[in-house]
Amino acid sequence: MNVTIIGTGYIGLVQGVVMSDLGFDVVCIDNDATKIETLKQGKSPIYEPGLEETLKKSLKNGKIKFTLDYNSGIKNADVIFLAVGTPPLADGSSNLNYITAASKNLAQFLSKDSLIITKSTVPMGTNKKIKKIILDELKKRNMGNLNVSVISNPEFLREGKAVYDFLNPDRIVVGIDENDNKEKIKKEIYKIYKYFLKKQIPIIFTNLETAELSKYSSNAFLSVKISFINEMAMLSEKIGANIEDVSKIMGFDHRIGNQFLNAGLGFGGSCFPKDTLAILNIGKNNDCEMSIVNSAVKFNDDLKDILIKKIKNKLGNVKGKTISILGLSFKPETDDIRESPAIKIIKKLINLGAKIKVYCPQGMEKTKRELENYSDCIKYCKNEYKCAKNSDCLILTTEWEQFKNMDLEKIKNVMKSNYFFDFRNMFSDNKNIRNYFHYYPIGRN
Ligand code: UDX
């Protein structure tokens, strides 16, 4: 089966590479020439465990191709996946320019009845708009008689675990337009997702709007869960409770579940911040207040100021102090720094006059680019020990496994002073930690 994927971001690239490994013949289209060149050479533009190895294997076997050219990418496609980005605009709404452009482009080369599957996270009603754009373009080519179905098939994979999540989804959601031939599309989906059927992964068929909303709803709910536990963590610090025990106790309740209850410095990344803002915008446009999601977003922002206040309380004036930051990516096992809480904390500390040293196993290059304007105030270090050297205070902002194994005595000995804010509670159970540092975890003494 010939599969064409438009967009080689996290979702499109993982989908393309893994499907090629499952035996499909895959063509990936992108309009970024540098990216396409990099991919052709077997290099992944993103750090994602397992991805580059499989990419190299599929290139070697001829199962995957990368191109800038829609014509060659579309003409032999049995199914087309749309996986272009939908980044936020200033008002929080999704920028649909890329998906509109991709839909127009692909319509120039369709020559038979086609199934288009949207993986991108898009506001409710967008899939119907995509279909209209494609049909309008086809009419211009006098090919309005082609039967084109656009279905919504949102992707729930996590960065850092994207390959695993693609192969082991909790569920597959398929939203179908009520005017389309549901049974025919179901048959196609069973063919494309045979691998998942064998694994008995639930496939939920529903209408387009429900599928579209299910993605936003899942991400918004998880964001609320994180803000909720972080708010309880701040209360725990005030009243002498231990948030990690609170999370454990809550997690034993099956109705609550034990995941996404780790207190920290708030959610970041390319999805939760973007999708929560988008759902607030969609709510506003539909006269629904969405006050719960709104509070979760607001608390997630406020939390950074609460934590800065905590640093100032313990450390005194941060002006002129050297502060070392461990971890820049928004979470471990990724080089993605989009909406990373670490970056927000760094900016706030610099504005207060601190000198910053940073180290991250993967996030350094992207941070250098993002914080170019702050380069006078930031020193990029080769490892955690160089980062800690001569500093007044250490802040652990991303829970990379590598940090768990660092030599705490060595870290303490190279530092000027010994304040340690562990914003991911990586060392909260380490019995020795207080022998070395003035140690401040999140949500517990
Ligand atoms: C998320 C969703 O999990 C995924 O289903 C969707 O497709 C894309 O968005 P991702 O952004 O890769 O995936 O990261 P995830 O692991 O969900 O973490 C999101 C943020 O929440 C990170 O900043 C993480 O540090 C934070 N988080 C997560 C917590 O602070 N506490 C937790 O208990 C869990």
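The values are calculated or read from the model by the stated rules, or taken from the named source; none is laboratory data. Everything numeric here is computed off the predicted structure, so don't read it as measured data. Please note: Cβ atoms are built from the backbone with ideal geometry, for glycine as well, and neighbour counts cover all protein chains shown.
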Check: Are any residues in region 302-336 out of contact with any Pro (no Cβ under 7 Å at 6 or more places or on another chain) and at positive phi, and if so, which ones?
Finding: GLY316, GLY320, GLY327
Note to self: Going residue by residue through region 406-420, is there one that turns out to be of a type in the set (A, V, I, L, M) and either under 20 Å from LYS304 (Cβ atoms) or at pLDDT below 95 (or both)?
What the structure shows: no
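Of all helices (runs of 4 or more DSSP H) completely enclosed by region 340-445, which ones contain at least 2 residues that are surrounded by 15 or more Cβ atoms within 10 Å (Cβ to Cβ) and either on the phi > 0 side of the Ramachandran plot or touching a Lys or Arg at 6+ places or on another chain (Cβ under 8 Å) (or both)?
Working: elements: 341-351, 364-370, 384-388, 401-404, 408-414, 433-436.
The qualifying helices (runs of 4 or more DSSP H) are 341-351, 384-388.
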Checklist line | Subset of region 258-280 [out of contact with any strand residue (DSSP E or B) (no Cβ under 8 Å at 6 or more places or on another chain) and more than 11 Å from the ligand (Cβ to nearest atom)] | finding: ILE279, LEU280
Checklist line | Residues (under 21 Å from the mean Cα position of the chain (by Cα), more than 24 Å from LYS194 (Cβ to Cβ) and in a helix (DSSP H, G or I)) located in region 11-52 | finding: LYS35, LEU39, GLU52
Next item on the list: With the condition kept exactly as written, say whether any residue in region 224-236 is more than 16 Å from the ligand (Cβ to nearest atom) and surrounded by fewer than 21 Cβ atoms within 10 Å (Cβ to Cβ).
Entry: yes
Next item on the list: Could you tell me whether any residue of region 250-273 is on the phi < 0 side of the Ramachandran plot, in contact (Cβ under 8 Å) with a residue 24 or more places away in the chain and either among the basic types (Lys, Arg) or not in a loop (DSSP other than H, G, I, E, B) (or both)?
Entry: yes
Note to self: Given the criterion crowded, with 19+ Cβ neighbours inside 10 Å, basic (Lys, Arg) and farther than 25 Å from GLU159 by Cα, identify the matching residue among LYS312, LYS321.
What the structure shows: LYS321
Item checked: Matching option when the condition is of a type in the set (Ser, Thr, Tyr), assigned to a helix (DSSP H, G or I) and either away from the ligand (no atom under 11 Å from the Cβ) or farther than 29 Å from ILE172 by Cβ (or both), among SER218, SER247 -> SER247
Check: From TYR164, TYR70, TYR98, which residue is within 16 Å of the ligand (Cβ to nearest atom) and over 19 Å from ILE185 (Cβ atoms)?
Finding: TYR164
Next item on the list: Confirm whether ASP301 is modelled with pLDDT under 95 and within 15 Å of the ligand (Cβ to nearest atom).
Entry: no
Checklist line | Pairs where the first residue, in region 101-126, is within 17 Å of ASN142 (Cβ to Cβ) and the second is of a type in the set (S, T, N, Q), C-beta under 7 Å, 6+ apart | finding: PHE109/ASN71; ASP113/ASN147
Next item on the list: Can you tell me which residue within region 355-387, out of those that are out of contact with any strand residue (DSSP E or B) (no Cβ under 7 Å at 6 or more places or on another chain) and aromatic (Phe, Trp, Tyr), is modelled with the lowest pLDDT?
Entry: TYR374
Notebook entry, point to check: Pairs under 7 Å by beta carbon, first residue under 19 Å from ASP302 (Cβ atoms) in region 231-242, partner charged (D, E, K, R) and surrounded by 13 or more Cβ atoms within 10 Å (Cβ to Cβ), six or more apart or different chains?
Noted result: SER236/ARG444
Margin query: So for region 167-177 (the condition being closer than 24 Å to SER329 by Cβ, in contact (Cβ under 8 Å) with a residue 12 or more places away in the chain and in a helix (DSSP H, G or I)), does at least one residue qualify?
Written below: yes
Item checked: Single residue of ASN317, ASN313 found to be without any contact (Cβ under 8 Å) to a residue 40 or more places away in the chain, assigned to a helix (DSSP H, G or I), away from the ligand (no atom under 12 Å from the Cβ) and over 30 Å from LEU96 (Cα atoms) -> ASN313
Next item on the list: Report, by residue number, each residue of region 320-339 that is away from the ligand (no atom under 16 Å from the Cβ), in a strand (DSSP E or B) and in contact with an Asp or Glu (Cβ under 8 Å, 6 or more places away or on another chain).
Entry: THR322, ILE323
Notebook entry, point to check: Going by the conditions given, is ILE204 within 16 Å of the ligand (Cβ to nearest atom), over 20 Å from LYS132 (Cβ atoms) and in contact with a strand residue (DSSP E or B) (Cβ under 8 Å, 6 or more places away or on another chain)?
Noted result: yes
Notebook entry, point to check: Can you tell me how many residues in region 380-401 are away from the ligand (no atom under 16 Å from the Cβ) and either under 20 Å from ARG338 (Cα atoms) or not basic (Lys, Arg) (or both)?
Noted result: 12
Next item on the list: Test LYS199 against the criterion of being away from the ligand (no atom under 16 Å from the Cβ), over 25 Å from the mean Cα position of the chain (by Cα) and of a type in the set (Lys, Arg), and give yes or no.
Entry: yes
Check: How many residues, within region 172-194, are loosely packed, with under 14 Cβ neighbours inside 10 Å and under 27 Å from the mean Cα position of the chain (by Cα)?
Finding: 1
Note to self: With the requirement that a residue be in contact (Cβ under 8 Å) with a residue 24 or more places away in the chain and either within 13 Å of the ligand (Cβ to nearest atom) or over 15 Å from ILE116 (Cβ atoms) (or both), what does region 144-161 give you?
What the structure shows: ASN153, PRO154, GLU155, PHE156, LEU157, GLU159, GLY160, LYS161
Check: With respect to GLU289, is the statement that it is under 24 Å from GLY160 (Cα atoms), part of a loop (DSSP other than H, G, I, E, B) and among the acidic types (Asp, Glu) true?
Finding: no
